[in-house]
1. Would you mind stating whether Y112 is out of contact with any strand residue (DSSP E or B) (no Cβ under 9 Å at 6 or more places or on another chain), of a type in the set (S, T, Y) and assigned by TED's automatic domain parsing to the domain that holds I21?
2. Considering only helices (runs of 4 or more DSSP H) fully contained in the stretch 98-176, which possess at least 2 residues that are modelled with pLDDT of 95 or more and of a type outside the set (F, W, Y)?
3. Could you please let me know if A92 is modelled with pLDDT of 95 or more, in the same structural domain as S23 (by TED's automatic domain parsing), under 30 Å from A44 (Cα atoms) and not in a loop (DSSP other than H, G, I, E, B)?
4. List every residue pair whose Cβ atoms sit under 7 Å apart, with the two residues 6 or more apart in sequence or on different chains, where the first one lies in the stretch 100-122 and is closer than 16 Å to L58 by Cα and the second, anywhere, is part of a helix (DSSP H, G or I).
5. Name the residue, out of V42, V7, that is at pLDDT below 85 and surrounded by 11 or more Cβ atoms within 10 Å (Cβ to Cβ).
6. I'd like to know if the stretch 149-163 contains one or more residues that are assigned by TED's automatic domain parsing to the domain that holds S23, under 30 Å from A24 (Cα atoms) and small (G, A, S).
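The values are calculated or read from the model by the stated rules, or taken from the named source; none is laboratory data. Given the structure is predicted, the values throughout are model-derived calculations rather than measurements. Here the Cβ positions follow ideal geometry from the backbone for every residue, glycine too, while neighbour counts run over all protein chains shown.
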Amino acid sequence: VAMFIMVASAAAIGTHAVTQIESAAQAASALRPVAGDLAFAVFAAGIVGTGLLAVPVLAGSAAYALAGAFGWKNSLALRYGEAKKFYRIIVAATLLGTALCFTRIDPMQALYWSAVLNGVVAVPVMVVVMRLAANGAVMGKLRITRSLAFWGWLCTAVMAAAVAAMFWTMLASPKH
């Protein structure tokens, strides 16, 4: 369903040469050629569904990462009394996300810049993962093969090139 929505939106937007989407209403209208009068309802259902899926995943992953980094107990299988710091991080992350709804931050800009940040951060993360996966001292017998290493480094290089191209485009653009 998500892939269908992305492809349909890209096709509709590309057909009408829309290069800037500045509001949820504008994004929803991209579905009009496919969903007709239900475009806004389909878009709203997608946003609400995505939010309902993303909130627990993001709050939980933040809790696991922070609790793991500090050596705290971290498991949803534990009761609150057994992992208080872990559960407090989940609550704090959820409240922080909720608080963002009440700021003047433009949601479309937030989505855009979070995607940019995600792409930029992905490159060093991929480098670390590749180095760890190829390290026999870390992985032992489960070390990646030469073939997997080749493809992994190729993907890392392509991602790095995409990030470099993005920055070049952003800096070369007359809009900035």
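1. When the stated conditions are applied, Y112 does not pass them.
2. Fully inside the stretch 98-176 and qualifying: 107-134, 146-172.
3. yes
4. none
5. V7
6. Checking the stretch 149-163: not a single residue is assigned by TED's automatic domain parsing to the domain that holds S23, under 30 Å from A24 (Cα atoms) and small (G, A, S).
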